[in-house]
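The values are calculated or read from the model by the stated rules, or taken from the named source; none is laboratory data. Model, not experiment: these values are computed from the prediction. Virtual Cβ from ideal backbone geometry, glycine too; neighbours counted across all protein chains shown.
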Amino acid sequence: MATLIKKSSTPSGNWNLRRAVDRIASVGVRAGGITIIVSMMLMLVLILLATLPLWRSPRIEVATRFSAKTILGGDFTEKIVAIGCEERRQLGYLLTQSGVFHFFNLATGEVVSQIVLPALSPATLSAAWQSLNGRKLALGTSDGRVLIGSIDFSPQYSKTGYRFTPAIDFSTNLRLDAAAQSIRCVTLAGDPGARLFVAGITADYRILTYAQETLQTHSGEIEKSLSRQQLPAPEARPTQVAVNDGLENLFIGCDNGTLIQYATHDLVNPTFVAAFNASNRALTTLGFLVGSRSLVVGDASGLTSIYFSILDTDARFGRRFRRAHQLPSLDGPIVVQAASARNRTYLASSAGGDLRLFFSTNERELFRGYLTDAPLALATFSPKADGLLLLDTKRNLYNVALDNPHPEASWKAFLRKIWYEGYERPEYVWQSTGGTDDFEAKLSLVPLIFGTLKGTFYAMLFALPLAAGSAFYVSQFMHVKWRNLVKTVVEMMATVPSVVLGFFAARWLAPHALKIMPGILLMIVALPLLTIIASLTWSSISRTKIGAWIKTGGEGFILIPLLLTGIWFCVKCSGAIEAWLFAGDFQSWLTQVAGLTYDQRNAFVVGLAMSFAVIPIIFTISEDALSNVPSSLTAASLALGATPWQTAMRAIVPTAAPGIFSAIMIGFGRAIGETMIVLMATGNTPLMDLSMFNGFRTLAANIAVEMPEAPVGGTLFRALFLAALALFLMAFVMNTFAEVVRQRMRERYGRL
């Protein structure tokens, strides 16, 4: 009897369901990939938008312009010796040679009030000095006196806005020249209530000084000491004089280009320090930038130079002034110079009316052109540096709005060496904040990029041999029973949070590493040597009965107690090695003999801690790549007579090379972007030193440290976004390079 056999078939409903699920999964994978790409692009756009304002040129616009006659009225013919305004740029003033302050509305030119200087008549004003914020003044008179005082605008807020009530206080009236000659130039430092120093040049070119020191005796009484001196006449006529706020140095400019320096630490007896050739032409302007450490010198050839002091053991007082910056030349002699009270922006104008705005630190030219109808006679910045007040030789007054948010930013500031105040030479420096507003921000990204690469190098130096070597051994020679266990344990290492690793490295590893550093250095030599000896010994006894006790693929576990014993031995010998080779103190020996410093939190500690985070990534991906090589390739190699080692090295490793290389690059990317371990386990010092015993600062750690304190929209805030862009580009370039290499390796070894 024939048996009817029905052919089984898959129901069409199940087939359609599988096709639908496959399509949904395919769409989901594609959508996820596209979403990731779009997210990365949007992130890049966000970073770019945050950094673009750094490169924007300052905006300068004349807000109002009117003739001084509108303010002075019948006194229009009088010489104007000083101009200024308050911080909100609503109220300005003109000071005429007769000693009258004319306060006026900057928007309309309407006179608000007039205040006459007391005790001036019948003399007139012949010279004026102003502090950078315009509040303090020293006024030289035609009869050899100097009037010292201040201006107070007394702002009051109401529903209609701010209202100002100007007042002046010129209670200090001192005699500078006993011969009652007119003062042609004057400078001031200090306070009349404490230490005060005044210097001036008279009409007949004598250089006079006045010093006053106020001391409190043990009995509580106040004693004042006064001193007047005439400094020796230089070979050429003096043209300008300037003293810094710290009462350290007095500078005199001459008409032959000579700059003379006096030390004023002892106010009573200024000490001659040096005379050097600052120019081949007459020095026409002298003044200090904010912080009073950088001296700006303008000359008759149109050049502007910046000097500051640097350490010099051969100099008389241990420091000497040196020209650090020289700015592009103007079209004629420098006749007007003004500096900002907020940053190192300053103005220089020539006799031909050419006006320039510079930022001294990076030598950036912020503006170049002509704002007035005639050459400038006077110029000053507003106290907040958001505007300029200009007076030209035709006696027209200009109220100029200045939008200059990021003068510190330039490619030179971020990527090239800069000569900063007090430094002996141009250097790469990151130091974004200081103790005072006079601080010169240093925003070089080079030390941060260097630190990022240094930390990554030491992390990969420890992680790569261990991870790749372990993956090779586990996948090719370890017993499958132990292989799964080891792989599970290593993958569990990846679950340890970075902050835990950083805390462990900072609180335990860093202090203990210093105590046993000679022993750790011994481990670098002893442990590989011990491994080689143990391997050779095992190869000899593996053929004996003792070798038969160990399962094939479990030989590696014999090495573990040997390595632990070797580590224990090296640690115990650390003290003896330190006493024998390093004179009993490794840290001192490193400093005195090797010329290296040892920071407790250094690149060595970070490399060990960060390798713990990188090893699981490299190990897992490499092991998968090696294990997924087709077994047919292994069998064919063994069938042809190759040993397991030859098969692994010549067949399996080349085939898995693209995957191993991808694992290395992914581990590199993990290390280059690490934040918490580096943040906690280094001193975060932006040094450029390859020594593994020094700290460093990475781009990622710098962003984490600085961003909470960075004012939103400020230069530091945007510079941190630029650092993020640099980190993004570094990772992008490395990943692109890795993908290109991986594809070529796949093409090369794909034929095996």
Which members of the stretch 422-475 meet the condition of being without any contact (Cβ under 8 Å) to a residue 60 or more places away in the chain and among the acidic types (Asp, Glu)? GLU427
Just for the stretch 265-280: of the residues that are farther than 21 Å from THR304 by Cβ and in contact with an Asp or Glu (Cβ under 9 Å, 6 or more places away or on another chain), which one is surrounded by the fewest Cβ atoms within 10 Å (Cβ to Cβ)? HIS265
Scanning the stretch 137-165 for residues that are modelled with pLDDT under 90 and in a loop (DSSP other than H, G, I, E, B), the one surrounded by the fewest Cβ atoms within 10 Å (Cβ to Cβ) turns out to be LYS159
Filter pass, PHE582 being farther than 22 Å from PHE504 by Cα, among the aromatic types (Phe, Trp, Tyr) and at pLDDT 90 or above: no
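Considering each of LEU215, LEU208 in turn, give the residue that is assigned to a strand (DSSP E or B) and surrounded by fewer than 17 Cβ atoms within 10 Å (Cβ to Cβ).
Numbers: LEU208 fails: surrounded by fewer than 17 Cβ atoms within 10 Å (Cβ to Cβ).
Within the list LEU215, LEU208, the selection yields LEU215.
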Residues of the stretch 470-507 that turn out to be of a type outside the set (A, V, I, L, M) and either buried (at least 16 other Cβ atoms within 10 Å of the Cβ) or touching a Lys or Arg at 6+ places or on another chain (Cβ under 8 Å) (or both), as a count: 13
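Rundown of residues vs (1) surrounded by fewer than 21 Cβ atoms within 10 Å (Cβ to Cβ); (2) modelled with pLDDT of 85 or more; (3) farther than 30 Å from MET665 by Cβ, yes/no style:
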site: GLY595; (1), (2), (3): yes, no, yes
site: ALA603; (1), (2), (3): no, yes, no
site: GLY607; (1), (2), (3): no, yes, no
site: SER611; (1), (2), (3): no, yes, no
site: PRO616; (1), (2), (3): no, yes, no
site: ASP624; (1), (2), (3): yes, yes, no
site: SER627; (1), (2), (3): yes, yes, no
site: PRO630; (1), (2), (3): yes, no, no
Among the numbered criteria (1) among the β-branched types (Val, Ile, Thr); (2) over 30 Å from GLU235 (Cβ atoms); (3) part of a loop (DSSP other than H, G, I, E, B), which single criterion is violated by THR313? (2)
Test each condition in (1) in a helix (DSSP H, G or I); (2) modelled with pLDDT of 85 or more; (3) of a type outside the set (Asp, Glu) for SER535 and report the one that comes out false. (2)
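Determine whether the stretch 102-120 contains at least one residue that is closer than 26 Å to THR187 by Cα and under 46 Å from the mean Cα position of the chain (by Cα).
Yes, the stretch 102-120 contains at least one residue that is closer than 26 Å to THR187 by Cα and under 46 Å from the mean Cα position of the chain (by Cα).
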Which number in (1) free of Cβ contacts under 8 Å to residues at least 60 places away in the same chain; (2) surrounded by fewer than 23 Cβ atoms within 10 Å (Cβ to Cβ); (3) among the hydroxyl-bearing types (Ser, Thr, Tyr); (4) under 20 Å from TRP129 (Cα atoms) marks the one condition that SER301 misses? (4)
Can you tell me which condition THR393 does not meet? The list is (1) surrounded by 14 or more Cβ atoms within 10 Å (Cβ to Cβ); (2) among the β-branched types (Val, Ile, Thr); (3) in contact (Cβ under 8 Å) with a residue 24 or more places away in the chain, and all the others hold. (3)
Is there any pair linking a residue in the stretch 508-527 that is touching a residue at least 60 places away in the same chain (Cβ under 8 Å) to one that is assigned to a helix (DSSP H, G or I), with Cβ under 6 Å and at least six apart or on different chains, and which? LEU509/VAL605; ALA510/VAL605; ALA513/VAL605; MET517/PHE586; PRO518/SER574; PRO518/ILE577; PRO518/GLU578; PRO518/PHE586
Could you tell me whether the stretch 40-56 includes any residue that is closer than 30 Å to GLY149 by Cα and out of contact with any strand residue (DSSP E or B) (no Cβ under 7 Å at 6 or more places or on another chain)? no
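Among the residues of the stretch 338-347, is there at least one that is crowded, with 16+ Cβ neighbours inside 10 Å, touching a residue at least 60 places away in the same chain (Cβ under 8 Å) and not in a loop (DSSP other than H, G, I, E, B)?
Kept after step one, since they are crowded, with 16+ Cβ neighbours inside 10 Å, are these residues of the stretch 338-347: 338-347.
Now narrow it down to the ones that are touching a residue at least 60 places away in the same chain (Cβ under 8 Å): 339-345.
With not in a loop (DSSP other than H, G, I, E, B) added as a condition, the list becomes 339, 345.
Yes, the conditions are met somewhere in the stretch 338-347.
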Looking at (1) within 14 Å of THR452 (Cα to Cα); (2) modelled with pLDDT of 90 or more; (3) in a helix (DSSP H, G or I), which one does PHE696 not meet, given that it meets all the others? (3)
